[in-house]
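First the structure, in the form of structure tokens, and then the observations on it.
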Amino acid sequence: MPSECNYSQNAKVDGATFYGLITTCVSVPQVKGSVLHGCCADTLMTFGKDTGIMNRYQIDQLVKEALSTDKALDFVGVSHVFDLIEYGGMKHALLALSYNCTASPACALPGAILDALVCLNLEDMTFRRASNNKLYFSLFDELGTFSEDPSDSVYKISYDPKDITSSFGGREQWHIDSLTWFRSKSGESIIGVSHYLRNTVLLIKDPFTYAAVDGGGEILQQFGTPGNFGTRSTPS
């Protein structure tokens, strides 16, 4: 078994149940023959303290099918962060994905590894639809911009159409490295994500709670020091 396999990506305790994302390399995807650092979990594990029952769910194929509904993929994997949410009294796992789509009209940035969110119902293993009425919420598709005007990225995420080599040795924009769901004082459901390679934190109106007409999936606020992309392929 490769040394990259059989380790924990992230874990949470909710009540009397332990939830863990683990990499077993049963079917973990690879990029150019090697496992991507920080990616990818292929299994969601649960353990009940009171029941003593442990369950394992292979989720990598599920998320691949969710993203494949409207675009061709070269690669998709469950990243190393997740959170737990209840919708309608049912427990859901909010998962961050890394994916790489094949050049097509539905893929405006082929070759780059991008971020997406999915919300998995842990009772029936189905996906909750997002504000875009899809089974996934791509940050690039829904919130990205190629504009070189900084004012256009106040409530958008800047992407570079040119080649950028990340610290992981491949093209990646921008790698979600933390993820949380919370409710504001006013009762609004919000998803917070941080982008490791962009030095930012985003607060997004929960796209799995609100429809697009009600602002679901919109950026409420950004924090950090993102770069602005001009005529060069490096941030300034």
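The values are calculated or read from the model by the stated rules, or taken from the named source; none is laboratory data. Nothing here was measured: the structure is a model prediction, and the numbers come from that model. Neighbour counts run over all protein chains shown; Cβ positions are idealised from the backbone, glycine included. Surface areas here come from the heavy atoms of the whole protein model, side chains and all, with no ligands, DNA or RNA. Shrake-Rupley method; radii C 1.70, N 1.55, O 1.52, S 1.80 Å.
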Review point. How much length is gained on full extension from Glu148 to Phe18, taking 0.36 nm per residue of separation minus their Cα-Cα distance?
Key: 42.3 nm
Point to revise | Cα centroid of the stretch 59-105 to Cα centroid of the stretch 172-213, whole Å | key: 15 Å
Check your understanding: At Glu86 and Leu220, where each label point lies 7 Å from the Cα along Cα→Cβ, what is the point-to-point distance in nanometres?
Key -> 2.0 nm
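Arrange the residues Lys64, Lys134 by how much accessible surface each exposes, largest first, with a 1.4 angstrom probe. Could you put the intermediate results ahead of the total?
Working: Lys64 95, Lys134 60 Å².
Putting Lys64, Lys134 in descending order of accessible area: Lys64, Lys134.
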Practice item. Quick one: order Met45, Met54, Met90 from most to least accessible surface, probe 1.4 Å. Key: Met54, Met90, Met45
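Accessible area, 1.4 Å probe, largest first: how do Lys71, Lys185, Lys12 sort?
The residues order as Lys185, Lys12, Lys71, largest area first.
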